[in-house]
Each structure stands twice: as C-alpha cells, then as structure tokens.
Amino acid sequence: MSKGKARIDLLQGTLDLLILRTLVFGPSHGHDVAKQIRRVSEDVLHVETGSLYPALHRLESQGWISSKWDISDKGKRAKYYQLTRSGRKQLFAERSKWKAFARAMGLILDPAGQEGS
C-alpha cells in the first residue's frame, strides 16, 4: 500500500484488458507495462511479475499480442510486446464488456443516485 490507498485485487480477465489497453500506445517490454499500469492508475493497481508474464504469454498464444527481442533504453536485451490487429478487436470487445459491468455495478451500489448505503 502506498499513498494511503489500498491495493486492489484484479478481477479475473481484468489484467488482460489492462495489458491490451497499455499496448495501444506502442510496443513495450513487460516491466514498462507494469509500471505504466501502476502510474496511470495513480499507484492503485500493482501487477506482480508472477501474474504479468503468464498473462503476456497467454495473450501472445491467443494472437492478441506479438513479441520480439530488442535492446531497452538501458542497453539490456528485453522482449517487447505489441498489440496485433486481432488484439485491437479484442480490446474493443473487452472494453465494451467492462463498461457494461461497471455500469451495472454502479446501478447496484448507487441505485437511483442514492448515496450513503
């Protein structure tokens, strides 16, 4: 926990969506994907290595991302991942599902705009 915020456990499938969304901005290596998720979520979402790399491999085996080895800005060899055409389609589908889920949760947690319960 940092900055007084509790860490949030990710729902099943959410990590895939986060990775796909992060890779929209261009190729990135695993460590940078995790850093960007953490930064953009204002330090609330932390992706551990033990979850990140299996997810990257799963997304690659599904054809939603591709990878290639290159040299990082620190001069070290790193595997860079990028979104594929089918990955962009999957991102759109997953994003739509997430928005519907978030809307439904909002309706349940705050029915008819009632606060305080």
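Odds and ends about this structure:
- The HN-Hα couplings worked out from phi for region 97-108 by the Karplus form 6.51 cos²θ - 1.76 cosθ + 1.60 (θ = phi - 60°) are 5, 5, 4, 5, 5, 4, 5, 4, 5, x, 5, 6 Hz, whole numbers, x standing for Gly and Pro.
- Amide H contacts under 5 Å for HIS29: TYR81, restricted to partners 5 or more places along the chain or on a different chain, H placed in the peptide plane at 1.01 Å from N.
- Estimated distance in nm for a label pair at SER72 and ILE108, the labels positioned 7 Å out from Cα along Cα-to-Cβ: 3.9 nm
- Of the trypsin sites (Lys or Arg not before Pro) found in region 41-87, the ones in coil according to DSSP and having at most 10 other Cβ atoms within 10 Å of their Cβ are LYS74, LYS76.
- The helix-based estimate of mean residue ellipticity at 222 nm for the chain, built from -39,500 (n - 2.57) per DSSP H run of four or more residues and divided by its residue count, is -16000 deg cm²/dmol to the nearest 500.
- Note on the chain: dipole from Cβ charges, positive end direction compared against SER61, LEU45, LEU107; the farthest Cα belongs to SER61.
- Prolate/oblate/rounded label for the chain (Cα gyration tensor, a/c 1.5): oblate
- For the chain, the dipole from Cβ point charges (+1 on Lys and Arg, -1 on Asp and Glu) about the Cα centre works out to 400 debye, to the nearest 20.
Every number in this text was worked out from the coordinates using simple rules, so none of it is lab data. This one's a predicted model, so the numbers in the text were calculated from it and none came from an experiment. Heads up, the Cβs are rebuilt from the backbone with ideal geometry, glycines too, and the neighbour counts pull from every protein chain shown.
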